[in-house]
């Protein structure tokens, strides 16, 4: 070893172990120009000898290096086994060997290294205890009890009470917002100790500052204090004092952007002006308005950068700068599709769009297209995204294609419905549908009704968006059996119609349908000419039409607005002779919210059949009154003229009125109601001899519409009329 600091560690016995100790360290580098160190006087701690002997190393370098174990040059070689190392044997309790006195060695010679004494070995280990030899228990055997959360207070833990006082925020109308976010208020006046109250007060200081700065008071300060109230009572009062300072206003407003078409479009949509308070919600709302309105006016790729507001505390103003990456002004291009399990081709998607190619881009029409695709119910996921093309469009625009990403959803649906009403009994309905059996949008539905008084089987083919958006082509074939007090009928129907209908997703203002219907029916009736009941078969051809106008806010549970519906059907009944006639009906429904939880709903409906006598009409084509969708409190078809055997015979005119107060609390509701109506033998709904029914209903509001249970009774009940009528169904009565 060369010159420098040399450190030698030796082991001193300490029982059965050892303690490393620093034995000797010295500098072996004399100063230039000096000789070897002079000899020192012998002392008890330092044996006598020459200077060279005293400066000689305790262990010569060669001896030290020869004593080191030989290591492999390969650093990746495995470690040598421990088995090669032997522990020196030593008899237990052996006396320590005497230490030989140190002697001086001649200069220039290496001193001999004394052999390591046997005392430096370890005593043999004793026998292992049984506990150490036993196998470890499995982890599953350990039962760890959860540590109790000491942060939560219980009824037995010591606590103090406090009150909160707020000063300075009422003038800024921030007190209510502060209390809604306050840590002190959330503590409900109870804490484990005063330190916790103080910590909550410091959090409320920061809250008060944030609220004031959000209104433009950037020099605001807030402080808190804790005091006993009353003194020496143990109860505390935490006071938050807020000082808003001066209000900061906008000094200059600058938008860094390319010019728009028309000029000044960004400034108009941002609508921030010098002198306006620098309010956080006002600024954020203005920027959000830019992000919303610019894509509606031809800029689908606009991006807003990070705003910069430089405050001047001398003038209490702030200069506002907003960088904007405008992107190209765009016009509509073509439809592109992507995605696995695609449902529609670009040609069919073109039917849904409400814009023309080359028209200036408007994000509202893109949203409308996406909403129309969702309304088909054929997608698991669908999105519509603008894509740059680089193609030149009209008026200096760039054409933008719309990429429709689509993934087909489950096309088959199995549905069921169960209801009950007095006069109709139990009615269960089930249906199976494949909504895209005949692409595009060709659905096949098979449905059935199994009830105590009605059974039916119906097959329907429906082509949605048939050549035009929102236009539906419908073909229906059905077999039906009805057995009521008024009549019993076996009916087969074949019909076709073209319609524009509302759906829960896409409610439309105007709706209509028109079509043709062919009905064959075998029915019983009371024959007034013969004075008894008999059966007859009728063949009926009809051209039904409907027109509706709807301003209500919801299809299944409206709370405001009104609806007007009108039906007109030109029909011909053939039984021995041809008897043409017309069926007409008009209905008006209105909804008015009295409070946020109470809606007043009303209905008026009238109908008339002209051109044929009542007895020449098939019983199933006459008008009847009473039931859950008519005048509640009476049985189904119970109102109106009766035959000598005391069964309803129906009529050629009717009128109905209803009013109800819909009170909703959460997902439940209570609905008291009053209905009125009558059926007439003549063709004019005169409004005379009205019958009234009153009752109360319960509502359970679900995501697919309200579940309705109504109980009603007739007012001034007559003989053989229902005492109590019960109706259970889905949806409001009107």
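Scoring residue 674 on the criteria (1) part of a strand (DSSP E or B); (2) under 48 Å from the mean Cα position of the chain (by Cα); (3) touching a residue at least 40 places away in the same chain (Cβ under 8 Å) leaves a single failure, condition (3).
Could you tell me whether region 192-202 includes any residue that is modelled with pLDDT under 95, part of a loop (DSSP other than H, G, I, E, B) and outside the structural domain of residue 315 (by TED's automatic domain parsing)? The answer is yes, given that some residue of region 192-202 is modelled with pLDDT under 95, part of a loop (DSSP other than H, G, I, E, B) and outside the structural domain of residue 315 (by TED's automatic domain parsing). Condition test on residue 404, is it touching a helix residue (DSSP H, G or I) at 6+ places or on another chain (Cβ under 8 Å), free of Cβ contacts under 8 Å to residues at least 40 places away in the same chain, over 30 Å from residue 630 (Cα atoms) and part of a strand (DSSP E or B)? No: the conditions fail for residue 404. Of all residues in region 269-298, those being in a helix (DSSP H, G or I) and in contact with a helix residue (DSSP H, G or I) (Cβ under 6 Å, 6 or more places away or on another chain) number 9. Could you check residue 641 against (1) farther than 21 Å from residue 725 by Cβ; (2) touching a helix residue (DSSP H, G or I) at 6+ places or on another chain (Cβ under 9 Å) and say which number it fails? For residue 641, the failing item is (1). Count of region 569-617 residues, restricted to those that are closer than 23 Å to residue 677 by Cβ and not in a strand (DSSP E or B), is 5. Only one entry of 211, 250 meets the criterion of being part of a helix (DSSP H, G or I) and surrounded by 12 or more Cβ atoms within 10 Å (Cβ to Cβ), and that entry is 211.
So that you can scan it fast, the table gives a plain yes or no per residue for (1) over 30 Å from residue 503 (Cα atoms); (2) at pLDDT below 95; (3) not assigned by TED's automatic domain parsing to the domain that holds residue 442:
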site: 359; (1), (2), (3): no, no, yes
site: 362; (1), (2), (3): no, no, yes
site: 373; (1), (2), (3): no, yes, yes
site: 377; (1), (2), (3): no, yes, yes
site: 380; (1), (2), (3): no, yes, yes
site: 387; (1), (2), (3): yes, no, yes
site: 397; (1), (2), (3): yes, no, yes
site: 400; (1), (2), (3): yes, no, yes
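Of the numbered criteria (1) surrounded by 15 or more Cβ atoms within 10 Å (Cβ to Cβ); (2) closer than 21 Å to residue 617 by Cα, the one residue 479 fails is (1).
Pairs meeting the criteria (first residue in region 692-704 and over 20 Å from residue 422 (Cα atoms), second residue not in a strand (DSSP E or B), beta carbons under 9 Å, at least 6 apart or on different chains) are 700/667; 701/557; 701/666; 701/667; 702/667; 704/504; 704/556.
Looking at 380, 331, can you tell me which residue is touching a strand residue (DSSP E or B) at 6+ places or on another chain (Cβ under 6 Å) and within 24 Å of residue 410 (Cβ to Cβ)?
Numbers: 331 fails: within 24 Å of residue 410 (Cβ to Cβ).
Going through 380, 331 in turn, the sole match is 380.
Comparison of 457, 474, 437 shows that the only residue that is in a loop (DSSP other than H, G, I, E, B) and in the same structural domain as residue 519 (by TED's automatic domain parsing) is 437.
The values are calculated or read from the model by the stated rules, or taken from the named source; none is laboratory data. Treat the numbers as computed from the prediction; the structure is a model and nothing was measured. When we count neighbours, we look across all protein chains shown, and the Cβ atoms used for this are built from the backbone with ideal geometry, even at glycine.
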